[in-house]
Amino acid sequence: GYHQSGRHRARALLGATSSKLTHSMCNQFAMQSALIAKVYFSPYHSAAGIGGYKKDDISRKPHAGMILQVQQEFNLDFENLFLIGDKASDIRAEIAAGVGCNILLTDNAPVELKDMVYKRITSLRDTLLFLGGAQSTVIAQ
C-alpha cells in the first residue's frame, strides 16, 4: 500500500544521502593519502528503526557483528589491530570482537568502561603519537 511505498521512498532518499556523505568522506581521506577500502553501516535500530528495521541487530554496537564482518571479509588479525572509537559502545563492540588495541577518543572516561581494557586519548594528534610509539597492542587504561 501507500505506507509501504512511502517507506521505500524514504529509505531510497536516506540511501542516496548516505551514499553522497560516504563518497565525500572517502574523498576527504583520499586527499590526505588515507584510502578507505569499504564503508559499513547498519540500517537497524532498536528504538528508531522503521518496520523490519526496528530491532536489536548484531550489526549494531555494542554488538560485534559488523566488526566481525570486516574481519572475515578482509582476513584481519584482530590481535594486532587497533580501532578508534568515540563512544563507550564502540569500545564494548571492539572488545567483544577481540580487537587487540581499543582506543577511546574522549575527554572523559565513561564509568561503564571502568573494568575494561582500553586506552583513552583526548585528541587525534595524541592518538597518532601513541600509535607511532606503541610496542604492544593490548593497552590498559
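Are there any pairs, at least 6 apart or on different chains, whose C-beta atoms fall under 7 Å, with the first in the range 55-66 and closer than 10 Å to residue 93 by Cα and the second part of a loop (DSSP other than H, G, I, E, B) and open to solvent by 70 Å² or more (accessible area, probe 1.4 Å), and if so, which?
65/58
Out of the range 70-88, which residues are surrounded by fewer than 16 Cβ atoms within 10 Å (Cβ to Cβ) and in contact (Cβ under 8 Å) with a residue 24 or more places away in the chain? Walk me through how you get there before you give the answer.
Start the filter on the range 70-88 by keeping residues that are surrounded by fewer than 16 Cβ atoms within 10 Å (Cβ to Cβ), which leaves 72-77, 79-80, 86-87.
The answer is 73, 74, 79, 80, 87.
Pick from 44, 118: which is hydroxyl-bearing (Ser, Thr, Tyr), touching a helix residue (DSSP H, G or I) at 6+ places or on another chain (Cβ under 9 Å) and touching a residue at least 24 places away in the same chain (Cβ under 8 Å)?
Result: 118 is the single residue among 44, 118 that is hydroxyl-bearing (Ser, Thr, Tyr), touching a helix residue (DSSP H, G or I) at 6+ places or on another chain (Cβ under 9 Å) and touching a residue at least 24 places away in the same chain (Cβ under 8 Å).
Residues 84, 91, 58, 103: which one is out of contact with any strand residue (DSSP E or B) (no Cβ under 8 Å at 6 or more places or on another chain) and among the aliphatic types (A, V, I, L, M)? Walk me through it before giving the result.
On the way: 84 fails: out of contact with any strand residue (DSSP E or B) (no Cβ under 8 Å at 6 or more places or on another chain); 91 fails: out of contact with any strand residue (DSSP E or B) (no Cβ under 8 Å at 6 or more places or on another chain); 103 fails: out of contact with any strand residue (DSSP E or B) (no Cβ under 8 Å at 6 or more places or on another chain).
Only one candidate passes the filter, namely 58.
Do we find a residue being surrounded by 14 or more Cβ atoms within 10 Å (Cβ to Cβ) and either modelled with pLDDT of 85 or more or under 12 Å from the mean Cα position of the chain (by Cα) (or both) anywhere in the range 126-138?
Checking the range 126-138: not a single residue is surrounded by 14 or more Cβ atoms within 10 Å (Cβ to Cβ) and either modelled with pLDDT of 85 or more or under 12 Å from the mean Cα position of the chain (by Cα) (or both).
Just the residues that are over 23 Å from residue 61 (Cβ atoms) and surrounded by fewer than 10 Cβ atoms within 10 Å (Cβ to Cβ), please, taken from the range 25-44.
Matches in the range 25-44: 31, 32, 33, 35.
The values are calculated or read from the model by the stated rules, or taken from the named source; none is laboratory data. Every value quoted in this text rests on a predicted model; they were computed, and no experiment measured them. Neighbour counts are summed over all protein chains in view; Cβ atoms, including those assigned to glycine, are modelled from backbone coordinates with ideal geometry. Ligands, DNA and RNA are stripped out before the accessible areas are found, and what is left, the full protein with its side chains, is counted by its heavy atoms. Shrake-Rupley method; radii C 1.70, N 1.55, O 1.52, S 1.80 Å.
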